[in-house]
Every structure is written in C-alpha cells, then in structure tokens.
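Each remark here refers to the structure printed beneath this line.
The values are calculated or read from the model by the stated rules, or taken from the named source; none is laboratory data. These numbers were taken from a predicted model, which means no experiment stands behind them. Backbone-built Cβ (ideal geometry, glycine too); neighbour counts: all protein chains shown. To get the accessible areas, we keep the full protein, side chains included, count just its heavy atoms, and leave off ligands, DNA and RNA. Shrake-Rupley method; radii C 1.70, N 1.55, O 1.52, S 1.80 Å.
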Amino acid sequence: MPIVSTTEMFRKAYDGGYAIGAFNVNNMEIVQGITEAAAEVNSPLILQVSAGARKYAKHAYLMKLVEAAEIDTGLPIALHLDHGADFEICKSCIDGGFTSVMIDASSKSFEDNIALTKQVVEYAHDHGVVVEAELGTLAGVEDEVKVSAEDSSYTRPEDVEEFVSRTGCDSLAIAIGTSHGAYKFKPGTKPQLRFDILEEVSRRLPGFPIVLHGASSVIPKYVNIINANGGALVDAIGVPEDMLRKAATMAVCKINIDSDLRLAMTAGIREHFCEHPEHFDPRQYLTVGRDYIRELVKDKIVNVLGSDGKA
C-alpha cells in the first residue's frame with residue numbers, strides 16, 4: 001500500500017466517532033516506535049514532519065523512512081507537513097511526495113490567511129494533495145512555532161464557514177485551549193477545553209474534519225522518570241486525556257502529538273544511562289527510547305484516539 005491521503009481516513013473517523021493520531025517524526029527510532037505500535041493494534045496513522053524535522057533529518061531521509069514503515073507494516077499511512085509557514089515549503093513538500101500539508105497563516109489577518117491558504121489549496125489540489133488550515137492561534141513553543149499567551153486567541157465559530165468556503169481547505173485546525181509544548185497550563189490550575197466552541201464549529205461545518213494541535217498530555221510517568229534522572233519538568237502540565245477522548249468522539253478527526261513523544265524517548269534514554277552509565281552504543285539506549293515511544297503510542301491509540309482496529 002502506498003502512502004495515502006487523509007481524505008478517506010477522516011471520513012471514516014468522523015462517521016465512527018474516533019480520531020487519527022498525527023505523530024511528529026524526526027528519526028528512524030521514532031518512526032519505528034510509532035508504526036510498530038500502530039501495527040500491533042491495527043490503526044491508521046498520520047506521520048507528520050515539521051520544518052525543524054526537515055532541517056534536522058532532511059526531506060529525502062524522512063521520505064524513505066516513511067516508505068519503509070509502510071512496507072514494513074502494510075498500514076494506511078499519510079505523510080503530513082506540520083505548520084507550513086509559507087507557500088514555498090508547502091510546494092516543496094507537495095512536489096516531494098507528501099500526501100497532506102498544513103499551511104499555518106493563523107498569525108495573519110483573516111483576509112491574508114484566506115489568500116495564502118487558497119494559494120496553497122489550489123496548488124495542492126492540482127497535485128492530488130489535501131490541505132489543513134488554521135483559524136485561531138495556539139500559545140506555546142514547538143520548533144519554529146512560538147506564540148505568547150498574550151498573542152493566542154480562540155477560534156471564532158462565526159468565521160469558519162466563510163473561511164472554509166473561500167479557501168477550499170480539507171480540514172481545519174481550531175484553537176479551543178490546547179497549546180504547544182509541555183507547559184500548557186499554570187501549576188494549580190484546572191485545564192479546560194472550550195467544547196462549546198468545538199460544538200458550534202461542528203454545527204456550522206457538519207461532517208467537516210476538525211484538527212487539534214498541542215494535544216500532548218505530558219504523561220506523568222515520563223515526566224517523573226526524567227525528573228528522577230536529572231530533569232527539571234516538575235511543573236509540566238498537559239491536556240487531560242479524558243478531554244481528548246471527548247474531542248475524538250465529536251468532530252475532531254486528527255489529534256497532533258509531539259511533546260509526549262519527546263518526553264517518552266528522553267525518559268527512556270535518561271533512565272538507561274542512569275542504570276548503565278558505562279554504555280556508549282547508540283543501539284542500546286535508542287532501543288529503550290524506541291520501546292517507550294511504542295508503549296506511549298499504543299496507549300494513545302487504544303485509550304485516547306479510539307482508532308485501534310480501524311486500519
């Protein structure tokens with residue numbers, strides 16, 4: 001099975017009341033951990049690549065890693081550009097074999113967001129590629145995406161119909177209270193997502209796939225391992241998984257997960273070096289990191305996304 005589009009994935013997810021996990025990848029071990037977990041529970045997958053990942057691993061290497069994962073697992077896998085900042089990077093990924101791209105013009109004015117998104121959509125659709133756009137702005141830091149809390153904003157439901165109609169985008173990322181990075185909420189606060197916004201958006205866009213960015217839960221197990229082995233993540237608070245489960249049963253068809261992957265791999269490697277400081281073979285410590293990735297992704301698929309058995 002070749003790398004696929006998200007169109008059919010999202011249709012099934014919307015109708016079935018579950019979401020597809022969009023997991024950020026940077027190297028071979030992360031790709032292997034994610035895809036092996038998905039194969040164990042027979043789940044479709046979206047592997048996504050940020051601009052930072054393309055700089056780190058290079059486009060050609062990432063393409064071959066994803067192709068190898070598809071051959072190894074036989075799963076339906078989509079390859080997605082995460083947070084494309086301009087037309088040029090979206091075009092490069094479309095021309096280079098990606099099946100889905102995100103153009104993130106959410107920091108621009110409404111009219112400028114529409115204009116840039118429409119430009120990407122027209123090129124992408126001419127090449128059989130689907131486009132994710134964004135309305136509203138998430139706070140937090142992830143690679144090149146840096147938005148202060150003061151500059152973040154919730155999605156305005158009254159804007160979504162005009163935006164989707166004028167741009168022709170295939171899915172829409174909205175801001176309902178998630179944020180990028182591990183520090184999503186202040187210590188002592190109770191995280192809340194604006195389900196009222198999600199409900200109103202889905203009412204205005206019936207059957208249209210919605211995306212949640214910044215949806216890592218900052219799993220305490222991995223945070224505790226990192227802290228016990230020289231880390232300093234004591235105040236890291238993520239999105240409660242029960243809220244993500246609820247979103248997955250509604251109009252949300254794609255949930256992005258990146259920080260949790262980083263935490264899981266870091267936890268495995270730190271723990272391994274603490275127990276085996278004499279080791280210097282990358283295969284030894286990267287194997288543990290990969291195992292922690294696999295454990296995390298399998299749990300997400302089964303207990304949060306609900307996409308197990310849907311490949």
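When segment 194-232 is filtered for residues that are open to solvent by 10 Å² or more (accessible area, probe 1.4 Å), modelled with pLDDT of 90 or more and assigned to a loop (DSSP other than H, G, I, E, B), the ones remaining, listed by number, are 194, 205, 206, 207, 208, 209. Considering segment 73-164, the qualifying strands (runs of 3 or more DSSP E), each wholly inside and each with 2 or more residues that are β-branched (Val, Ile, Thr), within 17 Å of residue 50 (Cβ to Cβ) and at pLDDT below 95, run over 145-147.
Would you be able to say whether some residue in segment 120-129 is out of contact with any helix residue (DSSP H, G or I) (no Cβ under 6 Å at 6 or more places or on another chain) and open to solvent by less than 20 Å² (accessible area, probe 1.4 Å)? For segment 120-129, residues out of contact with any helix residue (DSSP H, G or I) (no Cβ under 6 Å at 6 or more places or on another chain) and open to solvent by less than 20 Å² (accessible area, probe 1.4 Å): absent.
Selection over segment 254-290 of residues that are among the polar types (S, T, N, Q) and out of contact with any Gly (no Cβ under 9 Å at 6 or more places or on another chain) gives a count of 1. The requirement of being in contact (Cβ under 8 Å) with a residue 60 or more places away in the chain, exposed (fewer than 14 other Cβ atoms within 10 Å of the Cβ) and more than 18 Å from the chain's Cα centre (by Cα) is fulfilled nowhere in segment 97-112; no residue meets it.
What's the number of the only condition in (1) open to solvent by less than 20 Å² (accessible area, probe 1.4 Å); (2) touching a helix residue (DSSP H, G or I) at 6+ places or on another chain (Cβ under 6 Å); (3) in a helix (DSSP H, G or I) that residue 65 fails to meet? The failed condition is (1).
Can you find a residue in segment 288-309 that is within 22 Å of residue 41 (Cα to Cα), touching a strand residue (DSSP E or B) at 6+ places or on another chain (Cβ under 8 Å), modelled with pLDDT of 95 or more and assigned to a loop (DSSP other than H, G, I, E, B)?
Residues of segment 288-309 within 22 Å of residue 41 (Cα to Cα): 288-309.
If we keep only those that are touching a strand residue (DSSP E or B) at 6+ places or on another chain (Cβ under 8 Å) too, we end up with 297, 300-301, 304-305, 307.
From the residues that got through so far, the ones that are modelled with pLDDT of 95 or more too are 297, 300-301, 304-305, 307.
Subset that is assigned to a loop (DSSP other than H, G, I, E, B): 307.
Yes; the residues of segment 288-309 include at least one that is within 22 Å of residue 41 (Cα to Cα), touching a strand residue (DSSP E or B) at 6+ places or on another chain (Cβ under 8 Å), modelled with pLDDT of 95 or more and assigned to a loop (DSSP other than H, G, I, E, B).
Within segment 3-19, identify whether any single residue is of a type outside the set (Ser, Thr, Tyr), under 13 Å from the mean Cα position of the chain (by Cα), open to solvent by less than 20 Å² (accessible area, probe 1.4 Å) and at pLDDT 95 or above, and answer yes or no. Yes, because at least one residue in segment 3-19 is of a type outside the set (Ser, Thr, Tyr), under 13 Å from the mean Cα position of the chain (by Cα), open to solvent by less than 20 Å² (accessible area, probe 1.4 Å) and at pLDDT 95 or above. Selection over segment 241-259 of residues that are within 17 Å of residue 15 (Cα to Cα) and either outside any helix (DSSP H, G or I) or open to solvent by 10 Å² or more (accessible area, probe 1.4 Å) (or both) gives a count of 9.
For the condition of a type in the set (Lys, Arg), closer than 22 Å to residue 4 by Cβ and out of contact with any Ser or Thr (no Cβ under 9 Å at 6 or more places or on another chain), what is the one hit in 58, 64, 108? If you could, list the steps in order and put the result at the bottom.
Details: 58 fails: closer than 22 Å to residue 4 by Cβ; 108 fails: closer than 22 Å to residue 4 by Cβ.
Unique residue meeting the criteria: 64.
Of all the listed residues (42, 26), the sole one being in contact (Cβ under 8 Å) with a residue 12 or more places away in the chain and touching a helix residue (DSSP H, G or I) at 6+ places or on another chain (Cβ under 6 Å) is 26.
Among residues that are modelled with pLDDT under 85 and surrounded by fewer than 20 Cβ atoms within 10 Å (Cβ to Cβ), residue 168 is not included.
For segment 31-49, a tally of residues being open to solvent by 10 Å² or more (accessible area, probe 1.4 Å), of a type outside the set (Gly, Ala, Ser) and in a helix (DSSP H, G or I) returns 4.
The requirement of being at negative phi, in contact (Cβ under 8 Å) with a residue 60 or more places away in the chain and touching an Asp or Glu at 6+ places or on another chain (Cβ under 6 Å) is fulfilled somewhere in segment 270-287, by at least one residue.
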